[in-house]
1. From the Cα gyration tensor of region 2-42, with a ≥ b ≥ c the square roots of its eigenvalues, which class applies: rounded if a/c is under 1.5, or else prolate if a/b is larger than b/c, or else oblate?
2. Could you check the spin-label model distance between V114 and Q329? Points 7 Å from the Cα along Cα→Cβ, value in nm.
3. What is the extension gain from V123 to L201, computed as 0.36 nm multiplied by their sequence separation minus the C-alpha to C-alpha distance, in nm to one decimal?
4. For region 47-128, state the semi-axes of the equivalent ellipsoid (square roots of 5 times the eigenvalues of the alpha-carbon gyration tensor), sorted largest first and rounded to whole angstrom.
5. On the accessible surface of the chain, probed at 1.4 Å, how many percent belong to carbon and sulfur atoms?
6. Sum up the charges of everything whose Cβ sits under 13 Å from the Cβ of L185, counting Lys and Arg as +1 and Asp and Glu as -1, but leave L185 out.
7. Put a dot 7 Å past each Cα toward the Cβ at A60 and M1; how far apart are the dots in nm?
8. Restricting things to alpha carbons, tell me how big region 194-277 is in terms of Rg and Dmax, in Å.
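The values are calculated or read from the model by the stated rules, or taken from the named source; none is laboratory data. This is a predicted model, so every value here is computed, not measured. Note: ideal-geometry Cβ built from the backbone for every residue, glycine included; neighbour counts use all protein chains shown. With ligands, DNA and RNA removed, areas are computed over all heavy atoms of the protein, side chains included. Shrake-Rupley method; radii C 1.70, N 1.55, O 1.52, S 1.80 Å.
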Amino acid sequence: MRVALASARLELALYGSDRLFVGLTVLAAVSLVAMVSLFGLTGSRAPMALVNQDRAAYGARFVAALERDHHSFSLRPMTAAQADARVRTGGLAGSITIPRDFSERVGRGETVAVEVVVDNVNVDMTNDIQRALPAAIMMFGQDLGLPGLRAAVSERDVYAHDTEYIPYLSVSALALDAFVVAGALGALAVAREWEGRTLKLWRMSPASPAALLAGKLVAAGLVASAALAAAVLAVVFGYGVHPQAPLALAGALVACVVIFGCVGAWLGSVLRRTQPVVPLMFGLVMPLYLDSGALEPTRFDGDPVWIIAHATPLYYAVGVLEWAFHGLQVTPEPVLLDLAVLVAFAAASVLAVRGALRQARL
């Protein structure tokens with residue numbers, strides 16, 4: 001224990017002598033949350049010109065239906081000439097024109113063509129608009145009780161509350177934070193011993209290498225935890241997302257710090273250099289993150305993707321974090337099982353690092 005504490009104090013002293021590095025680590029944790037949330041901002045609320053040439057009641061109710069269509073349009077009222085100019089220059093995703101006789105013809109029971117111009121430079125954006133318009137038209141018809149409608153949607157939600165996409169993404173980004181920050185700090189702490197040739201002293205020392213490693217990882221974990229705490233505060237106060245189960249949140253984040261810190265230490269023992277650590281961590285994290293249910297539950301992406309996701313702790317971490325913040329069960333496995341798997345990953349990571357250092361000592 002004395003050796004581990006001495007090793008931790010020495011590692012913390014190294015961090016204390018480079019406060020810029022610590023500050024940038026905290027900044028990286030917060031900026032990763034902001035970066036991931038941009039996934040939800042792009043492609044939603046597409047800026048669309050609204051040219052309403054009909055000034056009667058039905059035209060206004062159709063505009064209200066367009067505005068209620070969830071996260072599909074950001075309507076910008078303007079003239080036809082303005083809409084045409086801005087769509088042609090790429091300033092808008094498209095335009096919707098409500099003709100002058102819209103209310104009159106709807107009142108007579110006729111079908112009215114609503115002209116839609118789409119900047120189809122991106123087929124994904126085009127598809128979003130094409131899917132959203134029929135939904136808005138359906139809402140308009142249901143509000144008016146039009147006789148031509150023979151079907152209506154009867155929705156029953158699994159959860160009593162809706163979770164917006166940005167809050168969902170910002171919470172899952174905490175698992176990404178833990179992987180990058182704790183993994184990089186763990187890898188740097190170990191790789192530095194090879195670069196500084198101080199590993200020879202480990203071989204000559206009567207102290208246990210496990211105790212020395214434990215102290216270094218405890219110090220790295222404390223710094224990583226501080227960075228994650230800053231990211232959690234950004235989620236809580238920046239996005240207004242408050243955890244429903246704070247203890248589960250804390251347990252999941254601690255398990256993630258231990259797991260990814262040990263995985264990083266193992267990578268550091270393999271790389272034996274500090275320079276490739278950060279590029280490698282960022283290179284690994286994106287495919288793992290996208291296959292962890294961070295953007296949507298992986299069970300919706302097909303069986304092959306869902307099965308592969310079980311091999312990464314990020315899958316279980318996202319499951320626990322989404323439950324802790326939003327009360328959502330995004331994995332078919334119970335949340336307690338997700339937490340137990342995280343603990344098992346942490347124990348296996350500790351053993352793997354200890355084995356790698358023992359081999360290096362030999």
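1. Values: a/c = 9.03, a/b = 2.90, b/c = 3.11.
Oblate, since a/c reaches 1.5 and b/c is not below a/b.
2. Each label point lies 7 Å from its Cα, and together they span 3.9 nm.
3. On the way: separation 78, 0.36 × 78 = 28.08 nm, distance 5.99 nm.
Extending this stretch completely gives an extra 22.1 nm.
4. Details: eigenvalues 104, 39, 25 Å².
Equivalent ellipsoid semi-axes, largest first: 23, 14, 11 Å.
5. Working: 11860 of 18770 Å².
Accessible surface attributable to carbon and sulfur in the chain totals 63 percent.
6. Values: positive: R192, K216; negative: E11, D18, D177.
Result for the local shell: -1.
7. About 7.6 nm, to one decimal.
8. When restricted to the Cα atoms of region 194-277, Rg and Dmax are 16.7, 53 Å.
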